[in-house]
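Each reported figure results from applying straightforward, stated rules to the coordinates on display, with no laboratory input. Predicted model, so just to flag it, every value in this text is computed and none were measured. Cβ atoms come from the backbone with ideal geometry, glycine included; neighbour counts cover every protein chain shown.
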Number of protein chains: 2
Amino acid sequence: MTEQRAVILLSGGLDSATVLAMARAQGYRCYALSFDYGQRHRTELQAAQKIADRIGVDQYKTVRIDLRNIGGSALTSDIAVPEQESTGIPITYVPARNTVFMSIALGWAEVLEADAIFVGVNAVDYSGYPDCRPDYIHAFEAMANLATKRGVEGHKLKIHTPLMQLTKAQIIKEGTALGVDYALTISCYQANDFGQACGRCDSCRLRRQGFIEAGLSDPTLYQ
Amino acid sequence: MTEQRAVILLSGGLDSATVLAMARAQGYRCYALSFDYGQRHRTELQAAQKIADRIGVDQYKTVRIDLRNIGGSALTSDIAVPEQESTGIPITYVPARNTVFMSIALGWAEVLEADAIFVGVNAVDYSGYPDCRPDYIHAFEAMANLATKRGVEGHKLKIHTPLMQLTKAQIIKEGTALGVDYALTISCYQANDFGQACGRCDSCRLRRQGFIEAGLSDPTLYQ
């Protein structure tokens, strides 16, 4: 066990809730960070707060940043969320989103003197998103260690991506073993105000299939 | 001449105004980007707007992001701005600020299909800030080209830092030759509501000395 601090990117979804539980299980003091970035699925912020409270964090913060201002994605603009499977880079991709989020996490990590950032990126299901791939994460880490006072003074920061090579079913099994209550999490790209999922978008399909493959009952509230 | 687009980080200060003029002189269609990040010296945002109007841009945007929320700097919290010269990394350093700003610029560049970002970082006067050094900029560029759909599809983004090795006097001479009206720019860390500079902070000292060394009259409004 360690008393080291870690910043955890917490979206309110299934993946990042699992990551928070993993970081806690490794003994980190956890500082959870969410973003109010003009996303359509705003109920995920309420979910993130509940997850942080339930799993237990030293601090939970929401940083507001208006990415709608730069546009370009179905998640932040008026482009419709697709309900059929597509190939290539999906239009739910938000330009540079992970880079922006991890940069702010980097700033908070420096203030906290934390040398770990945990991010729930996954290259199995999100291979269409460039900023979910291992080579990108390594390049971010290299940049981060040149970007900060703390980094250049020799405290090396590590970006932890414990879900990178796991299938959705493996993530769900792992989180269930750690006691994550997935009923609190919202994965849907267009959940309603009650946190109920549409059951039809890419993210809902992936999640539903994950519970089936894991052989576990799906606690998701559908519309 | 080119019809290529470039995103220009524009702070309202002397350096970034010069950079915008340089990008324009190279024939870029310029998209200027400022940040309302809870900085003390908010008059710089009004200055940025005036500079963008005067030099001429295709679009000017301000993105709001509350970096006060993560704290850690004299520029965004209640720590006093120093009025004596100091050594090492100054307390006016905002954790990961350039990384956050360039990340958002990266997102906008992708939406615009721009392959250039111009940043007024300088390693001569700001050697104390890790995120103003060439090795950091190169690492950011490498990361950026793995971060975006556009980057991984082979459109390589370049981070332009035309001021990197220039002294303040050289920057002022260059900008003056390009017609920059430095009376519009604000460098002071604690300018008042009328845009008048304190004349005492690090940034004021550097600027004043620059005009003297350049042998040009200083149009700065002092309190």
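Here are some notes:
- Within chain A, helix-based [θ] at 222 nm, where runs of 4 or more DSSP H residues each add -39,500 (n - 2.57), nearest 500: -11500 deg cm²/dmol
- Where chymotrypsin sites (Phe, Trp or Tyr not before Pro) fall in DSSP loop in the range A:123-223, at most 12 other Cβ within 10 Å: A:PHE194
- Per DSSP, loop trypsin sites (Lys or Arg not before Pro) in the range A:135-223 with at most 16 further Cβ within 10 Å: A:LYS156
- Max mean-square fluctuation residue, GNM over chain B, Cα-Cα springs under 10 Å, options B:ALA48, B:ALA169, B:ALA105: B:ALA169
- Against chain A, whose longest principal axis is taken from its Cα atoms, helix A:202-214 shows a tilt of about 90°.
- Extended-chain gain in nm, criterion 0.36 nm per residue less alpha-carbon gap, A:PHE194 and A:SER217: 6.2 nm
- 10 Å Cβ neighbours from other chains, averaged over peptide A:108-117: 3
- FRET efficiency for B:GLN46 and B:GLN165, using Cβ-Cβ distance with R0 set to 25 Å, rounded to 0.05: 0.25
- For the range A:5-180, the relative contact order comes to 26 percent (Cα pairs under 8 Å, sequence separation of at least 6).
- Of B:MET143, B:MET22, B:MET102, the one that fluctuates the most in a GNM where chain B has Cα springs shorter than 10 Å: B:MET143
- For trypsin sites (Lys or Arg not before Pro), the sites in the range A:1-65 that DSSP calls loop and that have at most 15 other Cβ atoms within 10 Å are A:ARG42.
- For the protein assembly as shown, convex hull of alpha carbons as volume per residue, Å³: 136
- Rounded to the nearest 10 degrees, the angle from helix B:168-177 to the longest Cα principal axis of chain B is 70 degrees.
- Largest GNM mean-square fluctuation across A:GLY12, A:GLY179, A:GLY195, computed for chain A with C-alpha springs under 10 Å, falls on A:GLY179.
- Subset of B:LYS50/B:LYS156; A:LYS61/B:LYS158; B:LYS61/B:LYS158; A:LYS61/B:LYS149 violating a 25 Å alpha-carbon distance limit: B:LYS50/B:LYS156; A:LYS61/B:LYS158; A:LYS61/B:LYS149
- Gain on full stretching of the segment that runs from A:ASP53 to A:LYS158 - 0.36 nm per residue minus C-alpha separation: 35.3 nm
- Among B:ILE8, A:ILE171, B:ILE65, the order by Cβ neighbours within 10 angstrom, fewest to most, reads B:ILE65, A:ILE171, B:ILE8.
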